[in-house]
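Asker: The structure's right below; bear with me while I get my questions together.
The values are calculated or read from the model by the stated rules, or taken from the named source; none is laboratory data. Small disclaimer: the values here were computed from a predicted structure and weren't measured. Note that we place each Cβ from the backbone using ideal geometry, even for glycine, and neighbour counts take in every protein chain shown.
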Amino acid sequence: MQLVDDVVSMKDEVAEWRRTLHADPELLYDVHNTAAFVVDKLKSFGCDEVVPGIGRTGVVGIIHGRPGGNGPAIGLRADMDALPINEITGVPWASKTPGKMHACGHDGHTAMLLGAARHLAATRNFTGSVAVIFQPAEEGGAGGREMVKDGMMERFGITKVFGMHNLPGLPVGQFAIRKGPLMAATDIFDVTIKGRGGHAAMPHQTIDPIVAASAIVSSLQSIASRNANPLESVVVSVTKFIGGSAYNIIPETVELAGTVRTLSPEMRDLAETRIGEIVRNVAAAHGAEGTLNYLRNYPVTFNHSDETDFAADIAESVAGAGKVEREQPPTMGGEDFSFMLEARPGAFIFMGNGDTAGLHHPAYDFNDDAIPVGVSYWVKLAEKALAA
Ligand code: NI
């Protein structure tokens with residue numbers, strides 16, 4: 001492993017920041033304490049610009065290289081928000097707020113990018129500029145989209161973007177990446193089945209929305225098995241089935257909800273079209289009325305080819321030969337960094353978190369041993385991308 005010396009020596013301090021953030025988890029856009037912590041640190045490092053309030057509660061820090069360099073910027077991005085989960089780790093730095101915890105390691109992502117910002121601001125061994133991007137609301141709030149919509153890329157002259165996420169199960173000191181689709185588009189849908197309620201003992205006088213909705217749930221499974229090319233990926237999961245109030249009443253309506261995960265625009269269009277057809281027509285076959293509300297949420301996290309090679313090479317320069325998986329299979333999870341990758345070329349990489357509990361698990365904790373690896377990756381990436 002080829003870590004940056006100064007980065008190794010700051011590990012304990014960065015871990016301290018990480019644990020401070022971990023103890024005070026905040027959700028979605030409500031990351032005021034975290035953003036204030038970030039602003040405070042960036043100012044203390046001597047960043048040339050520190051701008052809060054981008055995409056509501058996001059923060060961008062700008063570090064110009066030398067000499068006098070304030071040319072095109074590359075964006076390095078971390079996420080700041082936590083999850084609505086009750087923490088069970090029992091660690092001394094555990095969440096002080098019941099029902100909220102950093103179960104995805106965004107505390108570690110934020111601390112590592114702060115560590116990189118400190119080193120880059122102190123050494124300035126590059127031309128152009130580095131934009132360190134701290135986004136709110138990665139966990140379902142599309143904070144990345146908000147920052148892009150706020151004009152972040154244009155305002156700071158950002159030409160390329162890079163993101164990183166820890167990955168439990170991958171050993172510390174290793175990375176994984178792939179070109180093209182790395183993570184799925186994550187859409188959500190709501191369905192209403194309107195029948196005609198009545199007495200459960202006289203079903204012939206009703207239109208039973210529970211039976212109709214059950215048929216719809218079954219039929220939706222045929223999108224993956226019968227409509228999609230078997231060599232392509234699509235997930236349609238119904239995650240809510242709400243209806244009824246008593247043993248002897250057939251309800252008037254049933255509500256369904258769920259998520260759709262796809263890795264290509266074609267499959268995304270297909271899934272949306274077929275769900276609509278199935279909801280309307282299967283409901284109609286039961287005499288009921290089915291309506292679909294389909295919301296396109298995060299797009300596919302699509303890694304650009306040249307930037308993926310570049311990121312993998314940097315990771316290998318940190319981790320060593322054979323420690324970077326360049327053909328990581330895509331996952332059907334989603335990632336808000338996808339909006340930044342739609343706006344600018346770049347790449348998203350996974351970094352090993354070791355043998356810990358999984359992401360979004362109440363026993364998960366970011367692995368502080370990964371800090372020097374992640375910070376070294378950021379520092380080397382910025383210095384190489386902006387080499388004189
Ligand atoms: Ni995450």
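Asker: Take the conditions away from the ligand (no atom under 16 Å from the Cβ), more than 25 Å from Asp369 (Cβ to Cβ) and outside any helix (DSSP H, G or I) and apply them to Gly90. Does it pass?
Answerer: Details: away from the ligand (no atom under 16 Å from the Cβ): yes; more than 25 Å from Asp369 (Cβ to Cβ): no; outside any helix (DSSP H, G or I): yes.
Considered against the rule, which asks whether it is away from the ligand (no atom under 16 Å from the Cβ), more than 25 Å from Asp369 (Cβ to Cβ) and outside any helix (DSSP H, G or I), Gly90 comes out as no.
Asker: For Val14, all conditions in the list (1) surrounded by fewer than 19 Cβ atoms within 10 Å (Cβ to Cβ); (2) modelled with pLDDT of 95 or more; (3) out of contact with any Phe, Trp or Tyr (no Cβ under 9 Å at 6 or more places or on another chain); (4) β-branched (Val, Ile, Thr) hold save one; what is the number of the exception?
Answerer: Only one criterion in (1) surrounded by fewer than 19 Cβ atoms within 10 Å (Cβ to Cβ); (2) modelled with pLDDT of 95 or more; (3) out of contact with any Phe, Trp or Tyr (no Cβ under 9 Å at 6 or more places or on another chain); (4) β-branched (Val, Ile, Thr) is unmet by Val14, namely (1).
Asker: I've got another one for you. Name the helices (runs of 4 or more DSSP H) wholly inside the range 302-388 in which the number of residues that are in the same structural domain as Gly163 (by TED's automatic domain parsing), in contact with a Pro (Cβ under 8 Å, 6 or more places away or on another chain) and of a type in the set (A, V, I, L, M, F, W, C) is 1 or more.
Answerer: 338-343
Asker: Here's another thing I want to ask about it. Of the residues Leu27, Leu21, Leu83, Leu3, which single one is at pLDDT below 95 and either surrounded by 18 or more Cβ atoms within 10 Å (Cβ to Cβ) or within 21 Å of the chain's Cα centre (by Cα) (or both)?
Answerer: The unique qualifying residue is Leu3.
Asker: Please pick out the residue among Met147, Met112 that is in contact with a strand residue (DSSP E or B) (Cβ under 6 Å, 6 or more places away or on another chain) and either outside any loop (DSSP other than H, G, I, E, B) or closer than 27 Å to Leu295 by Cα (or both).
Answerer: It is Met147.
Asker: Hey, can you tell me all the residues within the range 286-296 that are part of a strand (DSSP E or B) and surrounded by fewer than 16 Cβ atoms within 10 Å (Cβ to Cβ)?
Answerer: Thr291, Asn293, Leu295, Arg296
Asker: Restricted to the range 331-355, and to residues that are surrounded by fewer than 18 Cβ atoms within 10 Å (Cβ to Cβ) and either of a type in the set (Asp, Glu) or within 16 Å of the ligand (Cβ to nearest atom) (or both), which residue is farthest from Asp150 (Cα to Cα)?
Answerer: Asp355
Asker: Quick check on Glu146: is it within 16 Å of the ligand (Cβ to nearest atom) and of a type outside the set (Ser, Thr, Tyr)?
Answerer: Here the answer is no, as Glu146 does not meet what is asked.
Asker: So, in the range 93-108, exactly how many residues are more than 16 Å from the ligand (Cβ to nearest atom) and of a type in the set (A, V, I, L, M)?
Answerer: Going through the range 93-108 one residue at a time, the tally reaches 1.
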